[in-house]
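Working notes, beginning with the structure itself.
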Amino acid sequence: MKEFPTAKMDRVMLISTLVFGGICIGVLILSIISIRDGEKFMFFPGTIVLAALLTSYLLIPKISVNTREILVRNSFVNFPIKFSDVAEISRVEKIKLVFRTFGVGGLFGNFGYFNGNDVWYVTNRRKKVQIKMKSGKVYMLSPENPDEFIEYIKTQTDFAGN
């Protein structure tokens, strides 16, 4: 099994993480101060932003490949993308407008459902790999070296796209 490191955040992702993360930490600090002073009304917002920060960080995936599948895992999911179900795999460098259906959009990356039912685990918008399944489902991943990732997959014996 070969591991592929997740791409480092691009500049826009890093800036949005710093801005949103800073706001969350600010709310968390205000929450702690108000709770310490005996005011309980900031407990709920503090808890929510702490959960958002932790959850977003824990969504950063680990990507590995064996002879039959791509394995995507983080603290919440562990799912295979079987080569026999893949119709096409390609690099996507173009940055276009996307709609977040459900998930995180900007805090440590874009994770979840985008453009309807596309599953994204992207930390760098310029290092995306699109995996189109025979069923029509689309996965977007961002390994640090997308070309090496694609080439490795195409050399695997069980890859149907060969």
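The values are calculated or read from the model by the stated rules, or taken from the named source; none is laboratory data. Everything numeric in this text was worked out from a predicted model, so none of it was measured. We place every Cβ from the backbone using ideal geometry, glycine too, and count neighbours over all the protein chains shown.
If you check Thr17 against the conditions, is it part of a strand (DSSP E or B), more than 16 Å from Leu141 (Cβ to Cβ) and either without any contact (Cβ under 8 Å) to a residue 60 or more places away in the chain or not aliphatic (A, V, I, L, M) (or both)?
Against the criterion (part of a strand (DSSP E or B), more than 16 Å from Leu141 (Cβ to Cβ) and either without any contact (Cβ under 8 Å) to a residue 60 or more places away in the chain or not aliphatic (A, V, I, L, M) (or both)), Thr17 does not qualify.
Is at least one residue of segment 62-73 at pLDDT below 90 and either over 29 Å from Val138 (Cα atoms) or aromatic (Phe, Trp, Tyr) (or both)? Within segment 62-73 (the criterion being at pLDDT below 90 and either over 29 Å from Val138 (Cα atoms) or aromatic (Phe, Trp, Tyr) (or both)), the answer is no, since none of the residues qualifies. In segment 56-67 there is no residue that is aliphatic (A, V, I, L, M), exposed (fewer than 12 other Cβ atoms within 10 Å of the Cβ) and either in contact with a helix residue (DSSP H, G or I) (Cβ under 6 Å, 6 or more places away or on another chain) or free of Cβ contacts under 8 Å to residues at least 24 places away in the same chain (or both).
Within segment 68-78, the set of residues being part of a strand (DSSP E or B) and surrounded by 13 or more Cβ atoms within 10 Å (Cβ to Cβ) comprises Glu69, Ile70, Leu71, Val72, Arg73. Out of segment 20-61, which residues are of a type outside the set (Val, Ile, Thr), assigned to a helix (DSSP H, G or I) and within 30 Å of Glu144 (Cα to Cα)? Across segment 20-61, the qualifying residues are Phe20, Gly21, Gly22, Cys24, Leu50, Ala51, Ala52, Leu53, Leu54, Ser56, Tyr57, Leu58. Looking only at residues of segment 119-159 that are β-branched (Val, Ile, Thr) and not in a loop (DSSP other than H, G, I, E, B), we find that the one that is surrounded by the fewest Cβ atoms within 10 Å (Cβ to Cβ) is Thr155. Do the conditions hold for Val98, that is, is it modelled with pLDDT of 85 or more and of a type in the set (A, V, I, L, M, F, W, C)? No, not satisfied. Being of a type outside the set (A, V, I, L, M), over 16 Å from Thr6 (Cβ atoms) and within 14 Å of the chain's Cα centre (by Cα) is a property that holds for Gly105. Quick check: anything in segment 98-109 out of contact with any His (no Cβ under 9 Å at 6 or more places or on another chain), surrounded by fewer than 16 Cβ atoms within 10 Å (Cβ to Cβ), of a type in the set (Lys, Arg) and not in a strand (DSSP E or B)? No, segment 98-109 contains no residue that is out of contact with any His (no Cβ under 9 Å at 6 or more places or on another chain), surrounded by fewer than 16 Cβ atoms within 10 Å (Cβ to Cβ), of a type in the set (Lys, Arg) and not in a strand (DSSP E or B).
Hey, among Tyr139, Tyr113, Tyr57, Tyr121, which residue is touching a Pro at 6+ places or on another chain (Cβ under 7 Å) and within 22 Å of Met9 (Cβ to Cβ)?
Exactly one residue qualifies, and that residue is Tyr121.
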